[in-house]
Amino acid sequence: MANQAEMPIFTRTYDFLTWLLPATNHFPRAQRHTFTQCLLDAAFDLRERLEEANLRKGSARRQQLGLADEALNKVRLYLRLAVRWAI
């Protein structure tokens with residue numbers, strides 16, 4: 001199994017979460033408790049699914065990567081909404 005520190009996906013998602021957490025603190029109060037929670041849940045879910053996929057092989061890995069892809073699509077949607085709403 002490859003070292004996670006060497007795999008760019010783990011570094012990139014870690015950096016993304018490191019940026020995202022403080023960025024959501026600047027969202028308006030009205031969005032902070034609902035929209036922000038959905039965004040953060042999807043972002044953490046993405047990272048967790050990638051971690052789980054890294055520990056599996058074969059069809060179990062593909063299944064986790066599919067779940068990670070779903071989480072990534074949610075993150076993209078929430079970020080597009082945040083940009084559109086100028087949050």
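The values are calculated or read from the model by the stated rules, or taken from the named source; none is laboratory data. It should be emphasised that the depicted structure is a prediction, and the values quoted were computed from it without experimental measurement. Please note: Cβ atoms are built from the backbone with ideal geometry, for glycine as well, and neighbour counts cover all protein chains shown.
Of the residues making up the stretch 21-66, those that are of a type in the set (A, V, I, L, M) and either in contact (Cβ under 8 Å) with a residue 24 or more places away in the chain or closer than 15 Å to Ile9 by Cα (or both) are Leu39, Ala42, Ala43, Leu46, Leu50, Ala53, Leu55, Leu65.
Limited to the stretch 1-19, what total is found for residues that are at pLDDT below 95 and out of contact with any Asp or Glu (no Cβ under 9 Å at 6 or more places or on another chain)?
Initial filter on the stretch 1-19 (at pLDDT below 95): 1-11.
Still in the running and out of contact with any Asp or Glu (no Cβ under 9 Å at 6 or more places or on another chain): 1-3, 5-9, 11.
Here the count works out to 9.
Figure legend. Inter-residue proximity from the stretch 68-87: first residues under 11 Å from Leu39 (Cβ atoms), second residues at pLDDT below 95 and polar (S, T, N, Q), beta-carbon distance below 8 Å, spacing 6+ or different chains. Indicated pairs: Ile87/Gln31.
I'd like the full set of residues that are out of contact with any Leu (no Cβ under 8 Å at 6 or more places or on another chain) and either in a helix (DSSP H, G or I) or surrounded by 16 or more Cβ atoms within 10 Å (Cβ to Cβ) (or both), limited to the stretch 75-86. Result: Arg76, Leu77, Arg80, Leu81, Val83, Arg84. For the stretch 57-69, the candidate set comprises residues that are more than 10 Å from the chain's Cα centre (by Cα) and exposed (fewer than 14 other Cβ atoms within 10 Å of the Cβ); within that set, the residue that is nearest to Trp19 (Cα to Cα) is Gly66. When Val75 is tested against (1) on the phi < 0 side of the Ramachandran plot; (2) out of contact with any helix residue (DSSP H, G or I) (no Cβ under 8 Å at 6 or more places or on another chain), exactly one condition is not met: (2).
Checking the stated criteria, Thr18 turns out not to satisfy the condition of being part of a helix (DSSP H, G or I), surrounded by 13 or more Cβ atoms within 10 Å (Cβ to Cβ) and among the hydroxyl-bearing types (Ser, Thr, Tyr).
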